[in-house]
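Novice: Below: one structure in structure tokens.
The values are calculated or read from the model by the stated rules, or taken from the named source; none is laboratory data. Bear in mind the structure is a predicted one, so any value in this text is a computation, not a measurement. Note: ideal-geometry Cβ built from the backbone for every residue, glycine included; neighbour counts use all protein chains shown. Just the protein is used for accessible areas: all its heavy atoms, side chains included, with ligands, DNA and RNA removed. Shrake-Rupley method; radii C 1.70, N 1.55, O 1.52, S 1.80 Å.
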Amino acid sequence: NATECAFVSPGGECRIHCRSPFEGESTAARCPGGNTDPSTEVRWTPPVCGAASCPEPAVPPPSHRRRVVDGTEVWECAPGFSGTEVRVACGVGSDCSPVMQFS
């Protein structure tokens, strides 16, 4: 989210924030000192953002299943699939929404 960076003066600074529903530390964006060209873009580094929460898939992939182990829900390989560890991470979908990813 770079909304506060629309009008930065030469030598000025603004902050780039994570777009909702993502969270993370903002980063600085700077307009070069002495700049006289209003079309010059600020120099910036994208913030590192992560999802505050990741929705469970409505339909799990066929390779995975969810079950309760000792009172805790876990993801594991479904019957007919093998692996040593199921990793679940929250990624970013094509519409910039959080999406649960399996590996």
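Novice: Using a 1.4 Å probe, how large is the accessible area of THR3, given in Å² and rounded to the nearest 10?
Specialist: Answer for THR3: close to 110 Å² accessible.
Novice: Where in the stretch 83-103 does the label zone of ARG65 land, with the point 7 angstrom along Cα→C-beta and an amide N cut-off under 16 Å?
Specialist: Zone members listed by number: 83, 86.
Novice: List every residue whose amide H lies under 5 Å from the amide H of CYS18, counting only residues 5 or more places away in sequence or on a different chain, with H placed 1.01 Å from N in the peptide plane.
Specialist: Residues meeting the criterion, in which the H sits 1.01 Å from N, are GLY24.
Novice: Given [x] 120; [y] 134; [z] 166, which label gives volume of the Cα convex hull per residue in Å³ as computed from the coordinates?
Specialist: Working out volume of the Cα convex hull per residue in Å³ from the coordinates points to [y].
Novice: Within the stretch 1-76, what whole-number % of the accessible surface is contributed by carbon and sulfur, with the 1.4 Å probe and all protein chains included in the calculation? Can you show the working numbers first?
Specialist: Details: 2790 of 5490 Å².
Answer for the stretch 1-76 is 51 percent, counting heavy atoms of protein chains only.
Novice: If you don't mind, another one. Using the Karplus equation 6.51 cos²θ - 1.76 cosθ + 1.60 (θ = phi - 60°), what ³J(HN,Hα) coupling, rounded to whole Hz, does each residue of the stretch 44-59 give in order, writing x for Gly and Pro?
Specialist: For the stretch 44-59, the Karplus-derived couplings read 8, 10, x, x, 8, 10, x, 6, 5, 8, 10, x, 5, x, 4, 10 Hz, x marking Gly and Pro.
Novice: Placing +1 at every Lys and Arg Cβ and -1 at every Asp and Glu Cβ, with all other atoms neutral, what dipole size does the chain have around its Cα centre, in debye to the nearest 20? It would help to have the intermediate numbers written out before the result.
Specialist: Working: 8 positive and 12 negative charges, 26 e Å.
So the dipole magnitude of the chain works out to roughly 120 debye.
Novice: Please compute the per residue accessible area over the chain with all protein chains in place, 1.4 Å probe, rounded to a whole number of Å². Provide the component values of the computation, followed by the final result.
Specialist: Working: 7400 Å² over 103 residues.
Result: 72 Å² of accessible area for each residue.
Novice: Amide H to amide H under 5 Å from GLY12: which residues, 5+ apart in sequence or cross-chain, H placed 1.01 Å off N in plane?
Specialist: CYS31
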